[in-house]
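Here's the structure, in structure tokens; my notes come after.
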Amino acid sequence: MTSTNGTSVGTQRVKRGLAEMLKGGVIMDVVNAEQAKIAEDAGACAVMALERVPADIRRDGGVARMSDPEMIEGIKAAVTIPVMAKVRIGHFVEAQILEALGVDFIDESEVLTPADETHHIDKFGFTVPFVCGATNLGEALRRVSEGACMIRSKGEAGTGNIVEAVRHLRNIFGDIRKITQADNAELFQWAKTLQAPLGLVQEIAETGKFPVPIFCAGGIATPADAALAMQLGGEAVFVGSGIFKSDDPAPRAKAIVEATTHFRDANVLARVSRGLGAPMTGIAMDEINGTQRFAERGW
Amino acid sequence: MNPVVGVLALQGAFAAHAECVASLGVSVQEVRTPEQLEHVDALVMPGGESSTMSQLLLSSGLFGAIAQRIESGMPTFGTCAGMILLASEVLDGRSDQRSFGAIDISVRRNAFGRQIDSFESSIHTPFGDFHGVFIRAPRIERTGPAVEVIGRLGDEPVLVRQGNVLAASFHPELAGDARLHEYFVTTMTTARKV
């Protein structure tokens, strides 16, 4: 999209650029302007505007959809940091609406009920950048091939349990490490095994890194969880239910921000982990049956 | 002796800056604490969220330490949010947002618009054109008499310098072009150490 004076908007570089700006930060789920202010005050680098946090979506059941534009606009007006919002997998009209509202990033999210069981959104068709969830490297690369400018682990949202996010980050970064050691012939096999475009697999082998930033999401409830995600290779973290489902959101939010920045400094982690009150209760994975596992949505 | 260039790594695009500096064969140190700051000869402040960085600067004890180093002449290069942190006046910031007042400019946060308005365009400077990447970029609305305008987008200042402080409203670290980092390292950092 280039204008006559040589100025371009919505390029991959500009879209991936915002993902670069969010690195080392914490993106917090908020359901109203008041929570958005608390998040910004605590040092969030962006907020995710949604009607219900994943823990409540999980509890309520039913179909979860894009949030009411009025609520998203209320949050946009309340803060100066970027505002993200979620659309259902494959629901490109919800994405068109969010772009018209001027949100800064769209999350094509498994936390909402999928609208298309075969196709994800063609994300190249939008000026606004997209983030998508992934459980492994093949899924992450398929999303990049559709135009995603940021990947996040899916984890298991709304559980306060980090185990799935750890599994997904280890899957993704473990395979990236193996690909950087592979020879050219092995790369063809990697592309087949991962069901991912060969060009992107070759790009990883050449550059030694994933084409877009990889953030961690799904189950972060404590400063230690955030630092774990960062030490495993995550470049920033999303915290959903973990903040506003805890006893005392503001100090916990601030502590998670500090832990994400100083993720290798155990002294800082010990200091900020003190006296935060109870985290969200959380759910063990064997308490969730297959149909309620969000991470299995999308492919 | 070769300089060590620090990159403020509290939040934002520090990894891209570190890569740019390293591509020049210069030593890079990520800076998250006052102790790490002691080991650097110059500092790059990346883009990101200036409100987040401002809070982390205070909680880490870096705010005072950096202010002191800038005062004593440490070469400093701020891009986007980094420029906001260096400015003497920040418009449309948060009321509790702090800045170093190291360069006499008034900067309006996110003045080029939201992400859907983010753009790439050519920037004109005395040492050639640069490819400017502007992400939710701030605008320089006023430059003081001591400020030299080095780069412009159309008529508007986007790259400015005052003494040892260099500031850009765009992102050279995202353009795959290390010329500005080279200018910062060779002209501003090395020259000072002779």
Result for interface chain B to chain A, accessible surface buried in total, 1.4 Å probe, Å² to 100, stands at 3100
Taking the chain alone as reference and the full protein assembly as comparison, with a 1.4 Å probe on protein heavy atoms only, the residues of the stretch B:1-43 that lose at least 40 Å² of accessible area are B:11, B:32
For the stretch A:10-274, shape from the Cα gyration tensor axes a ≥ b ≥ c, cut at a/c of 1.5 then a/b versus b/c, turns out oblate
Between residue A:122 and residue B:129, the two model label points (7 Å from Cα along the beta-carbon direction) sit apart by a distance in nm of 3.1
To the nearest Å², the heavy-atom accessible area per residue of chain A with 1.4 Å probe amounts to 38
per DSSP, antiparallel bridges as share of beta bridges in the protein assembly as shown, % nearest 5, sits at 35
Residues from the stretch B:126-158 losing no less than 30 square angstrom of accessible surface in the full protein assembly compared with the chain alone, 1.4 angstrom probe, ligands and nucleic acids excluded, are B:135, B:136
Taking the chain alone as reference and the full protein assembly as comparison, with a 1.4 Å probe on protein heavy atoms only, the residues of the stretch A:86-122 that lose at least 50 Å² of accessible area are A:104
A 1.4 Å probe over the protein heavy atoms gives the stretch B:4-193 a carbon and sulfur accessible-area percentage of 46
To the nearest Å², the heavy-atom accessible area per residue of chain B with 1.4 Å probe amounts to 35
Placing each pseudo-label 7 Å from Cα in the direction of the beta carbon, residue A:289 and residue B:67 end up separated by a distance in nanometres of 6.1
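Any idea what the relative contact order of the stretch A:10-274 is, in percent, if you count C-alpha pairs under 8 Å spaced at least 6 apart?
Across the stretch A:10-274, relative contact order equals 20 percent.
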Sparse-neighbourhood loop hits (GluC sites (Glu not before Pro), the stretch A:90-135; DSSP loop; Cβ within 10 Å at most 12 others) -> A:117
Comparing B:168, B:67, B:13 in a Gaussian network model of chain B (Cα, 10 Å), the one with the largest mean-square fluctuation is B:67
Relative contact order of chain B (C-alpha contacts under 8 Å, at least 6 apart) in percent is 19
Chymotrypsin sites (Phe, Trp or Tyr not before Pro) in the stretch B:69-139 lying in a DSSP loop, each with at most 13 other Cβ atoms within 10 Å of its Cβ, come to B:127
Chain A, Gaussian network, Cα under 10 Å: of A:33, A:253, A:278, the residue fluctuating most is A:278
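The values are calculated or read from the model by the stated rules, or taken from the named source; none is laboratory data. All values derive from a computational prediction rather than experimental measurement. Using ideal geometry, Cβ is built from the backbone for each residue, glycine included, and neighbour counts are taken over all protein chains shown. Ligands, DNA and RNA are excluded from the accessible area calculation, which covers all protein heavy atoms including side chains. Shrake-Rupley method; radii C 1.70, N 1.55, O 1.52, S 1.80 Å.
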